[in-house]
Structure formats: C-alpha cells, structure tokens
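Take a look at the structure below.
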Amino acid sequence: GLSLAASGLTDSKEAVEALRNIFAVLDRETKIDPEAETGEKPQLTSGKIQLKNVQFAYPARPDVVVCKSLTLKVKAGQKVGLVGPSGSGKSTVIQLIERFYDPDVGNTIFDKKDVKKLNYRWLHNQMALVGQEPMLFQGTIFDNIALGYNNSKEASGDCTMERIVEAATLANAHDFIMDLPHGYDTELGQGGTLLSGGQKQR
C-alpha cells in the first residue's frame, strides 16, 4: 500500500507543474480587452479596410517578423484574394483586420478610423470570419444559425424564423437548406456531418 501511495507523489509533482503553466496563461494580461465598453461606435459604415505600413511579429516569437511595411487597401464591396506560400502572412492580415492583434508598427484602418479607437465588440459586429474548417454544433440548422444572434449583446428574446431565413439568404444558403429533408429543422449531427464543406462554410 505504501509503495502504491508513493507513486502518487510523482503525479502530484507533474500536476503542480501543469497548474503553474495554466495559471501563467490565465494571469497574463492581454493588450486588447474584448470586454471594454470604451471606443467609438459610428452609426454609418461602408466597410473600407486599410493596413498602413504595418509591421508585426507574434508575441510568442517576437524575433520573427511576419509582416514588414505591409500596405493594403480594400474598397467597400471589393473582393480580394490573398495568395502566397504557407507562413507568408495571409492569416496574419485577417487577424490584424479582426483586431485579434495590434500591429507593432503602422495602423489598421476601418472606415478611415484606427481600429484601436473603435469599440471592440462594435467592430466585431461589423464583420464576420468564416474559417477554412467551420465548427457546427449538434442540433438543427435553425439552432446553429440562431447561436450567433442569441449570444450577441443586441439580442432581445429568442431569434425568430424571419431573422434566420434572412441570415441564410444573405449567406446564399437558403436554397440548399430548403432542399434538405426537414429544411431548417434538419438535424446536422455532430460537427455538421450531413453537409458538404461549402455548405458548412455558408
């Protein structure tokens, strides 16, 4: 019994080390506060985006500059493709526009305003990011679309079918949804296994 109890000491030591690493992450203060109520919330937006002489390195690897003197202009409604080899900074550009990070040098501009001066939540309500591998949840198509509304601060009551249909139509998804066996009440399965990759993204 004593020999078995002694084996727990090694596990305890490993657990303490693991907890130390976890708390180091939890206690770290972020430079960007996503819950901050400060910042401007303009009434009108067009969607113009600009990166001006941006230089950026990820905090975990400050010696590796990902973007160097990058300047990019995207007009409202313009479709732009970022093309390049892996590690060339395509995803980084998106993360700077979404303000997951602030550039070390230069500015990220949204409608002629530096994103640092805009309210973080407001900014994220003006744009959307669809990842290459979108995550869908078990439940119906209705449930998955409603998550975006029901979790927002602007939500007043549950999301209506009218809003769901409007969102799906804007995403060019309404037609294929209506072709499914139960329309918006179709169960997707874990991770949306019933849909193709393109349908998941929409």
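The values are calculated or read from the model by the stated rules, or taken from the named source; none is laboratory data. Since this is a predicted model, take the numbers as computed values, not measurements. As a convention, Cβ positions derive from the backbone with ideal geometry for all residues, glycine included, and neighbour counts pool all protein chains shown. Accessible surface areas use protein heavy atoms only, side chains included; no ligands, DNA or RNA. Shrake-Rupley method; radii C 1.70, N 1.55, O 1.52, S 1.80 Å.
Accessible area of region 56-202 with a 1.4 Å probe: how many percent of it is carbon plus sulfur?
52 percent
Springs between alpha-carbon atoms under 10 Å, Gaussian network over the chain: tell me which of ASP104, ASP114, ASP185 tops the mean-square fluctuations.
Top of the fluctuation ranking is ASP185.
Can you tally the net charge around GLU98? Count Lys and Arg as +1, Asp and Glu as -1, for every other residue whose Cβ sits under 14 Å from the Cβ of GLU98. Mind dumping the intermediate values first?
Values: positive: LYS90, ARG99, LYS116, ARG121; negative: ASP102.
My count for the surroundings of GLU98 gives +3.
What net charge is computed for the residues neighbouring THR193, neighbours being all others with C-beta under 14 Å from the C-beta of THR193, Lys and Arg scored +1, Asp and Glu -1? Please report the intermediate quantities before stating the final value.
On the way: positive: LYS200; negative: GLU133, GLU187.
Combined, the nearby Lys, Arg, Asp and Glu give -1.
For ARG99, ARG61, give the ranking by accessible area with the largest first, probe 1.4 Å.
The ranking, largest first, comes out as ARG61, ARG99.
Of the chymotrypsin sites (Phe, Trp or Tyr not before Pro) in region 92-128, which ones lie in a loop per DSSP and count no more than 15 other C-beta atoms within 10 Å?
Passing both the DSSP loop test and the Cβ count: PHE100.
Could you work out the local net charge near GLN138, counting Lys and Arg as +1, Asp and Glu as -1, over the other residues with Cβ closer than 15 Å to its Cβ?
-2
How long is the gain from ALA128 to VAL74 if the chain were fully straight, where each residue apart is worth 0.36 nm and the alpha carbon distance is subtracted?
17.9 nm
Which of the GluC sites (Glu not before Pro) found in region 1-47 are in a DSSP loop and have at most 15 neighbouring Cβ atoms, other than their own, within 10 Å?
Hits after loop and neighbour filter: GLU29, GLU35, GLU37.
Filter LYS31/LYS79; LYS31/LYS90; LYS117/LYS200 down to the pairs with a C-alpha to C-alpha distance above 28 Å, please.
Details: LYS31/LYS79 31 Å; LYS31/LYS90 22 Å; LYS117/LYS200 34 Å.
Violating the 28 Å Cα-Cα cut-off are LYS31/LYS79; LYS117/LYS200.
Might you tell me the accessible area per residue for region 47-112, computed with a 1.4 Å probe and given in Å²?
Result: 63 Å² of accessible area for each residue.
Once every DSSP H run of n ≥ 4 in the chain is given -39500 (n - 2.57) and the sum is divided by its residues, what mean residue ellipticity at 222 nm do you get, rounded to the nearest 500 deg cm²/dmol?
The helix contribution divided over the chain gives -10000 deg cm²/dmol.
Which of SER46, SER86, SER12 moves the most in a Gaussian network model of the chain with Cα springs under 10 Å?
SER12
Which whole-number percent is the relative contact order of the chain (Cα, under 8 Å, 6+ apart)?
Taking the mean separation of contacting Cα pairs over the length of the chain, I get 19 percent.
In the chain, what percentage of the DSSP-assigned beta bridges are antiparallel, given to the nearest 5?
95 percent
For region 21-97, which trypsin sites (Lys or Arg not before Pro) are both in a DSSP coil and crowded by at most 12 other Cβ atoms within 10 Å? List each step's numbers first, then the result.
Values: sites: ARG28, LYS31, LYS48, LYS52, LYS68, LYS73, LYS75, LYS79, LYS90; in loops: ARG28, LYS31, LYS48, LYS75, LYS79.
When the trypsin sites (Lys or Arg not before Pro) of region 21-97 are filtered for loop state and at most 12 Cβ neighbours within 10 Å, ARG28, LYS31, LYS75, LYS79 remain.
Using a/c under 1.5 as the rounded threshold, could you call the chain rounded, prolate or oblate? The axes a ≥ b ≥ c are square roots of the C-alpha gyration tensor eigenvalues, and prolate needs a/b larger than b/c, oblate otherwise.
Taking the square roots of the gyration eigenvalues as a ≥ b ≥ c, the chain is oblate.
Cα gyration tensor of region 1-114, axes a ≥ b ≥ c as square roots of the eigenvalues: rounded (a/c below 1.5), prolate (a/b > b/c) or oblate?
Because a/c hits 1.5 or more and a/b exceeds b/c, region 1-114 counts as prolate.
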